[in-house]
Number of protein chains: 2
Amino acid sequence: MFSETSMTTSSTPLPSSRLYSFVGGRIGQRWPSPSNGPRSFEGSWRIESIQQVIGESLPPAARLAVLGHAASLPTSEAIWSLHGVTSNERYVLNEEKTILSAKQEGLGRPESSRAALIPIRKHAEWWALAQDARRQVFEEQSHHVALGLHVLPAVARRLHHCRDIGTQEPFDFLTWFEYAQSDAALFEELVKTMRATPEWHYVEREVDIRLVRDDR
Amino acid sequence: MFSETSMTTSSTPLPSSRLYSFVGGRIGQRWPSPSNGPRSFEGSWRIESIQQVIGESLPPAARLAVLGHAASLPTSEAIWSLHGVTSNERYVLNEEKTILSAKQEGLGRPESSRAALIPIRKHAEWWALAQDARRQVFEEQSHHVALGLHVLPAVARRLHHCRDIGTQEPFDFLTWFEYAQSDAALFEELVKTMRATPEWHYVEREVDIRLVRDDR
């Protein structure tokens, strides 16, 4: 959406290198190949379940493609597409960041055969709070960082922000989790505990999509 | 960039209602009329100066259009276009927010015949800092909120975020200021003081565009 030129020729806006797309498709879906344009193909997953947690769910889909550096996919290839950018941390303190960095592991570990995509939208009241009031609910009341730390390094995580993406997105955040089958119970406990925190009083829409790796 | 449909028809993504575009154009530029699509036309300004402060400047332009709710303009109408979204506050504490809200006035005051558009990009080192480290530089070291408060209500302000917009934008922030001619010296003092703060050590690109209202 940016053009900076002394000429008046038209130009195609380039997607941010921090933009990711999560695309739900049909059984037998043929996804674009990694060599197709500037997209990087992060993997294909079989959708095990799409659970409505709070508010409206998403339409049924059988497969999910995770695409990095993608502006968009042709909608003819998708049942639904969700987009978000990775960004700087918003609440994590310096001390917490050091501990998190030391304990966490990256995505794509061979043993991580399970994944969850949890899109969330928070109420306007949340966004109207000042920074310290949001941090207070996030950590001092809800222990968001501490709960996440508790499941490290078993659960790897990447947070994508959608609220300020410039187009109307149905969610504020897309959180992507990867874990081994043997850590599935630990992950269930994390999700259950998070949903019982004061922070979740501000969640007005949440969908829980569970996945099994299927890279063939 | 979102599509959510059980059909596979293509759809045009709708811009966020918080998206604003600042478009530099030529003398005699004909801007799109307010009735042209979903855009709202916030005003037309004559560009008095484009000053390179840090890093690369922007190409010369004679007029600036401020468009609300705009995804993009045809590039044939623009020399350059900058885009950003208004968002939640990132550093302001609850007590500060209360004081700011009580003192500040809105954009579009009849006496505000002068404006400044100051696009800024911060260094990657800034974005790698934890939240408390950024707040520390922002306020405890640089008094960003306090300095802004000092010029209220004379200087009205709207901050636009570009960093997480989903496309490659040349700046992280676009700050828009409006003030009366009689407050021009006060505004100069604010800008000069801000640029001398520790926060500005992290600024790697800054352009200062000064404007005079021209709504005819």
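Results, tabulated for the structure shown:
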| read-out | value |
| --- | --- |
| A:V191 over 30 Å from B:Q168 (Cβ atoms), surrounded by fewer than 21 Cβ atoms within 10 Å (Cβ to Cβ) and more than 14 Å from chain B (Cβ to nearest Cβ) | yes |
| Among residues of region B:102-146, those that are hydroxyl-bearing (S, T, Y) and more than 14 Å from B:E199 (Cα to Cα), counted | 2 |
| Wholly within region A:1-95, strands (runs of 3 or more DSSP E) carrying at least 3 residues that are more than 10 Å from every other protein chain (Cβ to nearest Cβ) and modelled with pLDDT under 95 | A:40-54, A:63-68 |
| Single residue of region B:120-147 satisfying the filter (crowded, with 19+ Cβ neighbours inside 10 Å and over 14 Å from B:H201 (Cα atoms)) that is farthest from the chain's Cα centre (by Cα) | B:A130 |
| Pairs with Cβ under 7 Å, 6+ apart, first in region A:181-197 and in contact (Cβ under 8 Å) with a residue 40 or more places away in the chain, second of a type in the set (D, E, K, R) | A:Q181/A:R114; A:A184/A:R114 |
| Leading residue by the ranking (most open to solvent (accessible area, probe 1.4 Å)) among those in region B:91-119 that are under 19 Å from B:A65 (Cα atoms) and among the polar types (S, T, N, Q) | B:S113 |
| The lone exception for A:F171 - which of (1) more than 14 Å from chain B (Cβ to nearest Cβ); (2) open to solvent by less than 10 Å² (accessible area, probe 1.4 Å) it fails | (1) |
| Test: residue in region A:155-173 that is free of Cβ contacts under 8 Å to residues at least 24 places away in the same chain and touching an Asp or Glu at 6+ places or on another chain (Cβ under 9 Å) | yes |
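The values are calculated or read from the model by the stated rules, or taken from the named source; none is laboratory data. Please read these numbers as outputs of a predicted model, since none were measured by experiment. Reconstructed Cβ throughout: ideal geometry from the backbone, glycine too, with neighbour counts over all protein chains shown. Only protein heavy atoms, including side chains, enter the accessible area calculation; ligands, DNA and RNA are left aside. Shrake-Rupley method; radii C 1.70, N 1.55, O 1.52, S 1.80 Å.
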